[in-house]
Each structure stands twice: as C-alpha cells, then as structure tokens.
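These notes concern the structure reproduced below.
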Ligand SMILES: [Zn+2]
C-alpha cells in the first residue's frame, strides 16, 4: 500500500493527521505505509512486514527485524538468545481514520542473563496491556473529561478495558509523581451513594491538588495518609492542617504532624452555624400544635396592619407569630454576629469577640447553639488559629464538587476501588506513562 507524503517528526502519534500533510518545498515523497507505521511506533528491533485492510480493521503484521537483539520484558536488558516463539497476540492501537488499527505479533521468549526465560519487552505496549501505550494514553486523557462509559464508546472499547487502563495509569502516576514538601493540607470527607459510604480526601491547599483518597472516615482509615502516603519525614514540613471540628482525626495531627497547627476551617464552621439556625427552626415547628400551624400560614400581613385594627382572633394569631418568630430572630442574629469573627486582624480582638459571642449564645437558650458553643469550647485553639493562618478549606469545596460530578456522570461507581481510581485520575494531576 502506498501513500504520498513526506515523513518528518515523530512527536505526533495520531496517524490520520500525518497521512495528509503533503509537501515540503513542493516535493511529495511516496512512502510505504509499512515504513510509516514502523517509524510511528519507533520500532528498532522489530519491523512491519505487511498491512492488511479488512472490512472492520487495519491489521499491522509485525515481526522481528533480522537478528537484532530483543530486550527482557522484566528488566529491559538486551538478550542474545531467543528461547522460543509464542502464539500470535493482538494489540489495539489508535484508529487509522475510521478503521481500528490492530497490531499482530508473535512474542519471543528471551533468555535473560538476569531473570531467566522471560517474554520480551514490547516497545509499543506495557507487558500486561492489550492496547498500545499510545491508545492507553489517549483513553486516559479522555477519561479525565468523560465518564468511563463515554470514553469506551469513543474508542470502541468496553467499559472494563477503560477501567483497567485508568487504574493502571493511576498506579503508574502514583508511583512516578513528584512529591514536593507539603505545608498546608485540608482533610475532608465525600459521600458516595447518598451518604451510605464515606471517603476521606486530603488536598494540598497550596498547590490545589489532591494528595490522597481513602475509604471510610475514621481515625484508623485516615492514619494511612500520615503513615503510608506521607511517612514520618514528610510529615515534619506540615504547618497547617485544615479540617472540620466534627472530624474524628484531630488526634492524628498531634501524633504525626508535630509541627502543624490544627485549623478548624471557616467553611465548616459556617456550615454548622447554618445547621444550628435550621435546627432551631425545625424545633419550633415541632413545638407548634397543628392548629397553630394551620393558623400560622399566611400571617405575614398581620405584622403590617395597625394593632388597634385587629380583632381578637387576629390578635391571637399575631401573638403566635411573634412567639414563634422571636427565637428564630435570635438565631439569625447570633449567626450574623458570629461572622464578624472572620474579619479581625488581631488575635486578641478575635478571641474577645468569640468569648462574648459564646456567652450570648449560651444565654439564648437555643439548644442547637448551646451544642455549637460546646463544640467551639473544646476546640478553641484550632478555631482561633484562623486569625493567624487565614487558610480556608474553600478550595476543597471546588474539588469536592468535582468529585461529585465524577460520581454523577458515572451513575455512581459500584466499587469504592473504581471510584477512588477515578478521583485520583481526575484530581491528583498524575503523570501518564510515557511512550518510547
Ligand atoms: Zn531480565
């Protein structure tokens, strides 16, 4: 088969675009497609013997090139002796125009001086893979944007192949990724399947990248981050660890990240405040009798009317309204006045504000707020740390939303392992395997 074009660079691995850039200085060189593919695959000890075009695929037959030395598939050492030839294997590659491209080759088993008899190393694919590295990388890149189902459809693969490719890419990426010193981290949880299963995620808040995902949200589960991912030495550079007051792993920071300040982050504190307001409202609603509830509907106008114009029934309804509203107004006021805390520059002032606030919250006799204050009191150090550090888990929220969208677009991963792989793949900026 002959095609007209000049061969130049090797960096572009997408064949179809290569076929139709034609001239250089007005000249067109004819190149055998076999040569073209050989160069694209960067074969040295192998060659393309034949390209066969069938209805549903282009099949590239590969063979060993003369007596060139093959490499051991385990250690990569060049081996003199070929032990045996195995039966033909097939690899999927990036498509040629519309047609899927398949490589066919009979792998050799070589006698490696170091490892013994092993299957040779394939320059176009990982030893385990049934697709070429070029295709695997293209799939991995797309799987960062689309669901695994969508990616599979795009490349004519099945879901399982995509899952395998992504998991291998993550495995490789975790092994190869750079691990610069980490100073500020945020720990948070994400739920899967409507809050039945929890995962813990750890982010580097300076680089805004995911560091670790683990199953569950217990102290025992999160411990693995400090012992396995970080290790003793790297834990020493941690300065701030951002987390929720409600989280059970503050002790871990004391044990493992000895130089770090625990910071109970703004985002979660505000969330708990809002929950206290909500809880107050629900509590009041529960206390109302059903008659009062019915009477309460559409009573807002009572407030706008002059009191002397109200009849007895209306006065009764207004008093219910006020009785119902007063605690809620207090709750709102408490919530709003707490927010001033974030603005203070001086730690002393911030502390003073917080103490005053806690006193008034306790006096409010609103049970959800008293509970909130008890929580603050037992975590004061980590709450007051805000004024000095000003780190917020805000970036974490963006990441958590991304994780939610990963979960949604894949209709919820059945297994936690797959979900974790997908999270790493999309949020950890892992390097992809390199092609030869
Ligand atoms: Zn070897």
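The values are calculated or read from the model by the stated rules, or taken from the named source; none is laboratory data. Model, not experiment: these values are computed from the prediction. Don't worry about glycine lacking a Cβ; one is built from the backbone with ideal geometry, like all the others, and counts go over all protein chains shown.
Taking the range 79-90 on its own, how many of its residues are within 16 Å of the ligand (Cβ to nearest atom) and outside any strand (DSSP E or B)?
Selection size over the range 79-90: 1.
Could you grab the pairs with beta carbons closer than 6 Å, sequence gap of 6+ or different chains, first residue in the range 66-79 and free of Cβ contacts under 8 Å to residues at least 24 places away in the same chain, second one more than 6 Å from the ligand (Cβ to nearest atom)?
Pairs that qualify, where the first residue is free of Cβ contacts under 8 Å to residues at least 24 places away in the same chain and the partner is more than 6 Å from the ligand (Cβ to nearest atom), are 78/69; 78/71.
Against the definition (modelled with pLDDT of 95 or more, surrounded by 18 or more Cβ atoms within 10 Å (Cβ to Cβ) and either more than 36 Å from the chain's Cα centre (by Cα) or within 26 Å of residue 52 (Cβ to Cβ) (or both)), how does residue 89 come out, yes or no?
It is false that residue 89 is modelled with pLDDT of 95 or more, surrounded by 18 or more Cβ atoms within 10 Å (Cβ to Cβ) and either more than 36 Å from the chain's Cα centre (by Cα) or within 26 Å of residue 52 (Cβ to Cβ) (or both).
Can you say whether residue 249 is modelled with pLDDT of 90 or more and either under 24 Å from residue 404 (Cβ atoms) or over 16 Å from the mean Cα position of the chain (by Cα) (or both), as far as the supplied structure shows?
The answer is no for residue 249.
Say we look at the range 181-211 and pick out the residues that are within 10 Å of residue 242 (Cα to Cα) and in contact (Cβ under 8 Å) with a residue 60 or more places away in the chain; which of these is surrounded by the fewest Cβ atoms within 10 Å (Cβ to Cβ)?
Among those residues, the one meeting the criterion is 184.
Among the residues of the range 118-135, is there at least one that is within 37 Å of the chain's Cα centre (by Cα), without any contact (Cβ under 8 Å) to a residue 60 or more places away in the chain, part of a strand (DSSP E or B) and away from the ligand (no atom under 16 Å from the Cβ)?
yes
Against the condition out of contact with any strand residue (DSSP E or B) (no Cβ under 7 Å at 6 or more places or on another chain) and within 27 Å of residue 376 (Cα to Cα), how does residue 228 come out, does it pass?
no
Can you find a residue that is more than 16 Å from the ligand (Cβ to nearest atom), assigned to a strand (DSSP E or B), at pLDDT 90 or above and touching a strand residue (DSSP E or B) at 6+ places or on another chain (Cβ under 8 Å) anywhere in the range 23-42?
No, the conditions are met nowhere in the range 23-42.
Look through 428, 422, 385 and report the one residue that is surrounded by 14 or more Cβ atoms within 10 Å (Cβ to Cβ) and either modelled with pLDDT under 90 or over 15 Å from the mean Cα position of the chain (by Cα) (or both).
385
For residues that are part of a strand (DSSP E or B), under 18 Å from residue 45 (Cβ atoms) and either within 16 Å of the ligand (Cβ to nearest atom) or out of contact with any strand residue (DSSP E or B) (no Cβ under 9 Å at 6 or more places or on another chain) (or both), tally how many sit in the range 91-116.
5
Can you say whether residue 280 is in contact with a helix residue (DSSP H, G or I) (Cβ under 8 Å, 6 or more places away or on another chain), under 23 Å from residue 424 (Cα atoms) and not in a strand (DSSP E or B), as far as the supplied structure shows?
no
Among the candidates 217, 266, 232, single out the residue that is under 22 Å from residue 375 (Cβ atoms) and more than 19 Å from the chain's Cα centre (by Cα).
None of the other options fit; the residue is 266.
Test each condition in (1) within 16 Å of the ligand (Cβ to nearest atom); (2) in contact with a strand residue (DSSP E or B) (Cβ under 8 Å, 6 or more places away or on another chain) for residue 76 and report the one that comes out false.
Looking at each condition in turn, residue 76 falls short on (2).
Taking the condition touching a helix residue (DSSP H, G or I) at 6+ places or on another chain (Cβ under 8 Å), in a strand (DSSP E or B) and more than 16 Å from residue 228 (Cα to Cα), does residue 201 pass?
no
Does residue 181 fit the bill of being part of a strand (DSSP E or B), farther than 21 Å from residue 45 by Cα and more than 16 Å from the ligand (Cβ to nearest atom)?
No, not satisfied.
When only residues in the range 140-149 that are within 16 Å of residue 418 (Cα to Cα) and assigned to a helix (DSSP H, G or I) count, which is nearest to the chain's Cα centre (by Cα)?
Residue satisfying both the conditions and the ranking: 143.
Would you tally the residues in the range 231-245 being in contact with a strand residue (DSSP E or B) (Cβ under 9 Å, 6 or more places away or on another chain) and either surrounded by fewer than 20 Cβ atoms within 10 Å (Cβ to Cβ) or farther than 25 Å from residue 268 by Cα (or both)?
2
So which residues in the range 324-366 are loosely packed, with under 12 Cβ neighbours inside 10 Å and outside any helix (DSSP H, G or I), if there are any at all?
Matches in the range 324-366: 345, 346, 365.
Only residues in the range 310-327 that are farther than 16 Å from residue 286 by Cβ count as the first member; pair them with residues that are at pLDDT 75 or above, Cβ under 8 angstrom, at least 6 apart or cross-chain, and list the lot.
Pairs that qualify, where the first residue is farther than 16 Å from residue 286 by Cβ and the partner is at pLDDT 75 or above, are 318/310.
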